[in-house]
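**Q** Sharing a structure with you now.
The values are calculated or read from the model by the stated rules, or taken from the named source; none is laboratory data. As the structure is a computational prediction, the values presented were derived from the model and not from experiment. Cβ placement follows ideal geometry from the backbone for every residue including glycine, while neighbour counts extend to all protein chains displayed. For accessibility, only protein heavy atoms count, side chains too; no ligands or nucleic acids. Shrake-Rupley method; radii C 1.70, N 1.55, O 1.52, S 1.80 Å.
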Amino acid sequence: RAAAQAPVNWGDATSLDNFVWLVSGRLYWDRLERFGADYLWTGFRAWANTMFSQLEFVGIALLFIVLAFLFRRSRLYAATAWLAVAYSLFSILYDSPDSYVYLMPVLISLSIWIGLGSQYILDQIGAGHPAIQRLAAAGLLLTFVIRAVLMIPAMDLSRDQAAVDFAVSALQSAPKRAILLTEGDEATFSLWYFQYAAQQRPDLAVVAPGLLPQAW
């Protein structure tokens, strides 16, 4: 794919050295130079905020039930625990505004635990009382459904036109054969998309100064 020479060829992985540079994330190694207590605390705080905002009280309570009563040696728990720990550590150590994206495998693993915790509660509540168990199951299901419905507006980005508005404005206002210097992924990638994918303003050169030190 790199040898196809796409307009945006990140890392130019056409040689072994460039390929290793790309897949090892060499561009971001300098972030570890800031490693320390403050660095870890910032990453942990971001991790905790994401966990609490996504799981809320009900989810966290169910996780504690799993850890207290259900956790045991098994392939399921080993695999889900490994994903949760490994990706949590990666997200905490990777100092980036969007590092929360790497917590998706964590949330998937914990959602399995939440399901197991829910089943445990239903078994305890409904022991010998099927009607009560069905009622509790309906209440628990209703809680999850309401939570999902309330989250839809926050997850729906179909009306978020910020990137489109920025790119269109920048490209339309730029003079002919201009060089546009960008700062940050948002500006760079949105302009790259409209220029290379949407084929708008091919006369312009979109340059990210932060990438100029890279040989590629």
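**Q** Among the residues of segment 89-100, which ones are within 10 Å of the chain's Cα centre (by Cα) and open to solvent by less than 70 Å² (accessible area, probe 1.4 Å)?
**A** Residues satisfying the conditions are Ser91, Ser99.
**Q** Turning to a different aspect of this structure: Please note which helices (runs of 4 or more DSSP H) are completely contained in segment 116-216 and include at least 2 residues that are over 30 Å from the mean Cα position of the chain (by Cα) and exposed (fewer than 12 other Cβ atoms within 10 Å of the Cβ).
**A** In segment 116-216, 130-155, 162-173 are the helices (runs of 4 or more DSSP H) which contain 2 or more residues that are over 30 Å from the mean Cα position of the chain (by Cα) and exposed (fewer than 12 other Cβ atoms within 10 Å of the Cβ).
**Q** Given the conditions (1) within 27 Å of Val106 (Cβ to Cβ); (2) free of Cβ contacts under 8 Å to residues at least 60 places away in the same chain, which single one is not true for Arg34?
**A** Tallying (1) within 27 Å of Val106 (Cβ to Cβ); (2) free of Cβ contacts under 8 Å to residues at least 60 places away in the same chain, Arg34 fails exactly one: (2).
**Q** Based on what the data block shows, is Ala37 modelled with pLDDT of 90 or more, more than 22 Å from the chain's Cα centre (by Cα), of a type in the set (Gly, Ala, Ser) and open to solvent by 50 Å² or more (accessible area, probe 1.4 Å)?
**A** So Ala37 fails the test.
**Q** Here is a follow-up. For segment 13-31, name all the residues that are in a helix (DSSP H, G or I), open to solvent by less than 90 Å² (accessible area, probe 1.4 Å) and either touching a residue at least 12 places away in the same chain (Cβ under 8 Å) or closer than 19 Å to Ser88 by Cα (or both).
**A** Residues satisfying the conditions are Asn18, Leu22, Leu27, Tyr28, Arg31.
**Q** Let me ask another. Is it the case that some residue within segment 57-69 is surrounded by 12 or more Cβ atoms within 10 Å (Cβ to Cβ) and under 14 Å from the mean Cα position of the chain (by Cα)?
**A** no
**Q** Taking the condition of being in a helix (DSSP H, G or I) and charged (D, E, K, R), how many residues in segment 44-100 meet it?
**A** Qualifying residue count, segment 44-100: 3.
**Q** (1) open to solvent by 50 Å² or more (accessible area, probe 1.4 Å); (2) at pLDDT below 90; (3) closer than 30 Å to Leu122 by Cα: which one isn't true of Leu76, the others all being true?
**A** Unmet condition: (2).
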